[in-house]
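The values are calculated or read from the model by the stated rules, or taken from the named source; none is laboratory data. If you're wondering where the values come from, they're calculated on a predicted model, not measured in any experiment. No Cβ is skipped: glycine too gets one built from the backbone with ideal geometry, and neighbour counts run over all protein chains shown. Each accessible area value is taken on the protein alone, full model and side chains, heavy atoms only, with ligands, DNA and RNA left out. Shrake-Rupley method; radii C 1.70, N 1.55, O 1.52, S 1.80 Å.
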Amino acid sequence: MSLAIGETASGAAPAEGAPLLELRGIKKYFPITAGVIRRRVGEVRAVDDVSFTLRRGETLGVVGESGCGKSTMGRVIMRIADPTDGRLILDGRDITQLRGGALRGLRRKFQMVFQDPYASLNPRMSVGSIVGEPMIVNASAPRREVPDRVAALLETVGLDANARLRYPHEFSGGQRQRIAIARALSLRPQLIVADEAVSALDVSIQAQILNLLADLRKEFGLSYVFISHNLAVVKHVSDRVAVMYLGRIVELAPKSLLYRTPLHPYTEALLSAAPEPKRHVSRERILLSGDVPSPAKPPSGCPFHTRCPKVMDVCREERPLLQEREPGQFVACHLY
Amino acid sequence: MGGALLEVRDLKTYFVSKQSTVKAVDGVDFSVSQGRVLCIVGESGSGKSVTSLSLMRLVQGPQGRIVSGEVLLEGRDLLRMSERQMSDVRGNEIGMIFQEPMSALNPVMKIGDQIGEVLVRHRHISRREAREKAVELLRNVGLARADEMVHEYPHQLSGGMRQRAMIAMAMACQPKLLLADEPTTALDVTIQAQVLDLMRALQKETGTAIILVTHDLGVVAEMADDVVVMYAGQIVESGPADEIFDRPLHPYTRALMDSIPVIEEERERLRAIPGTVPSAAHFPEGCRFADRCSLVEGRCRERLPELRELGPGHSVRCHLA
């Protein structure tokens, strides 16, 4: 079943804007155990009731600080981690319970690019095998065509076709990330989950990869879930942005709204804290006190109330729901 | 510059093995005056971290060697001091903060004792006095639970608290110079904002000079009075921060600024710098940025440009500037 290729190439796919991926109330809790019998004494709520829809051809940026659950969410989308609760719908099909061969068959539709291109590529495999392996495993291309396709993919991501004969250690960080992207593209996916895909790279190389991702999006009609801690990078690549805090989405909006008129106090603080490479910008800096609370003991009510400069009584008791407060702009905050 | 607190002249640090000589720092000159913040900015392999380690004579031997240069702290050359004299400088006249507070702190020593140790060593006060002073120092860096924290171990603190404790330790002896190597790189942005704010406040209060090594131009814009831009072991541009940001002259500095996404601006496409940094074992003959430079000319590949002063305090290493 190689519908994926036909769909995107022929334009027979549903109109742009149709949902490609939907998360409904996704939760991922990790148990905390103690003692020899591994008694369950608590749980880490890494992702706690996250819902959103990704439209076809859209890039959704996910920002947040360490421990906010953004990477776990990416792993749940990829079905590397099983959700504790909630539903995951890809292309109209519920894939939450899919296992084994059926899941593997569907994996060609969604692929992941990881942060560390030194750890994510097998050092003993040639670049040609790394990029060609998914096509052989999934029998998505006749074996004799694989070398040609690999060469074409390598050129697509800006590498020399001869790179297929070499090994990962012969390449720099940026080039390795290109190899990882070529591998992710080899099955013509519709969705790529990129988890801190440019964070380990120097800025001059980071720009090369960001431009490449933009080109590939146009060329292949890709959708991205782009996970990063870097607010400027997320703004650059995304159509819409979700801000996560302690396992929850606190604000979700088109980037123009989110960066110009953030509604959630956490979004405001995050934006004001990001250092900009410009002099003479006088910005009001909102300094948050303290650290992010442990997701094993999340605060009652709003998860941000312990650090929020605008905290009210109701915030300590009642958890605010993510609701649309401005057209397209969703926020989980009692202020609105 | 007359009133320089620290002056570095022609510093060269090489890593020598049988196969090759890696010129990590290859002829670096700069100076810092009292009360100023100097940022050294560069990408991986630019030599910025080896420069800061060289200042403290902490380069790993036997391969790593400072092959030439002078590091003058108020006129005294640190590179010519005995190891014993040098250890009177470290932590006393020059305080240090590193990127990873978890690996820089001793994991089996209580926070209070670690800070106290610096004072006992350099200020010759009793352990008890030192512990009391440690509480005070932790309070100064905004740690409210200071009196409990002195009895805790590093793993019990969060990343941001650990970095504050490191700063408290570095500031314990009221150093003339604080050397901070990527002090906020491992921290989240909201915590980074807290730590930068703290460093600025301490600097105003005590008049300490700061050398801040970073890859992040955002941090530079925020903190720097003066900037040194490094590329492939050398300084390619240096000058007052406003000059560097408003009138960058070296093609590398300009490319670096154009290559990053900026929140305040809409950039359709980023201007990536093609290629990669040349290997420090085989630098090209001419300008080390030539292969990646959009303005490259014939002479760039023939002759290494000198670092020339083109404006007040603003120097550039480029044939075209």
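Observations, loosely collected:
- Sequence-separation-based contact order of chain A, relative, with Cα cut under 8 Å and 6+ spacing, percent: 19
- Electrostatic tally near B:D258: other residues with Cβ closer than 11 Å to its Cβ, Lys and Arg +1, Asp and Glu -1, net +3.
- Relative contact order [Cα under 8 Å, 6+ residues apart], segment B:1-155, whole percent: 20
- Listing of segment B:150-196 residues, each with accessible area lower by at least 50 Å² in the full protein assembly than in the chain alone (probe 1.4 Å): B:D188, B:V189, B:T190, B:A193, B:Q194
- P(r), alpha carbons of segment B:1-131 - 5 Å bins starting at zero, rounded %: 2, 9, 16, 19, 19, 15, 11, 6, 2, 0, 0
- Every pair of different Cα atoms in chain B enters the Kirkwood calculation, which places the hydrodynamic radius at 20.7 Å.
- Straight-line reach from B:K12: taking Cα to Cα under 15 Å and skipping same-chain neighbours fewer than 8 places apart, the aspartates and glutamates in range are B:D26, B:D29, B:E70, B:D77.
- With 24 Å as the limit, the listed pairs B:K110/B:K204; A:K70/A:K278; B:K176/B:K204; A:K218/A:K255 have B:K110/B:K204; A:K70/A:K278 beyond it between alpha carbons.
- Distance between modelled label sites at A:D239 and A:I80, nm, 7 Å Cα→Cβ extension: 2.5
- Average projection area in nm² (convex hull over Cα atoms of segment A:146-297, one quarter of hull surface): 11.8
- Residue-averaged beta-carbon neighbours from other chains (10 angstrom radius) around B:212-223: 3
- Positive dipole terminus of chain A, leading residue within A:L321, A:I179, A:A232 (C-beta point charges): A:I179
- Carbon and sulfur %, accessible surface of the protein assembly as shown computed with the full protein complex present, 1.4 Å: 49
- Averaged over the residues of A:267-275, the number of partner chain Cβ atoms lying within 10 Å of the residue Cβ comes to 5.
- Straight-line cross-link partners of A:K297 among the aspartates and glutamates, defined as a Cα under 14 Å from its Cα and at least 8 positions apart when in the same chain: A:E43, A:D48.
- All Cα-Cα distances of the protein assembly as shown, cut into 20 Å bins from zero to the largest, leave 17, 47, 32, 4, 0 percent in each bin in turn.
- Proximal charge balance of B:C287 [Cβ under 14 Å; K/R count +1, D/E count -1]: 0
- Farthest positive-ward along the protein assembly as shown dipole, Cα basis, beta-carbon charges - from B:L310, A:V203, A:I26: A:I26
- In nm, spacing of pseudo-spin labels at B:R301 and B:Q85 (7 Å Cα→C-beta vector): 4.8
- Whole-number accessible area per residue in Å² for the protein assembly as shown, which is evaluated in the context of all protein chains at 1.4 Å: 44
- Two-decimal Rg/Rh across segment A:265-336, once Rg and the Kirkwood Rh are taken from alpha-carbon atoms: 1.02
- Average projection area in nm² (convex hull over Cα atoms of segment B:279-321, one quarter of hull surface): 3.4
- Förster radius 41 Å - calculated FRET efficiency between A:E170 and B:R65, Cβ distance, rounded to 0.05: 0.90
- Counting DSSP beta bridges with both ends in chain A, the antiparallel % (nearest 5): 65
- Relative contact order, percent, segment B:105-173 [alpha-carbon distance under 8 Å, six or more residues apart]: 44
- Theoretical FRET efficiency, 1/(1+(r/R0)^6), r = Cβ-Cβ of B:L58 and A:E145, R0 56 Å, to 0.05: 0.50
- 16 Å tail of the calculated P(r), segment A:147-230, as % of Cα pairs: 51
- Dividing the convex hull volume of the alpha carbon atoms of segment A:210-291 by its residue count gives 116 Å³ per residue.
- Take each residue in B:266-275, count the other chain C-beta atoms within 10 Å of its C-beta, and the mean is 6.
- Rg/Rh for chain A (Cα atoms only, Rh after Kirkwood) is 0.99.
- Pairwise burial B:A, computed as accessible area of each alone minus the pair, summed, 1.4 Å, Å²: 3700
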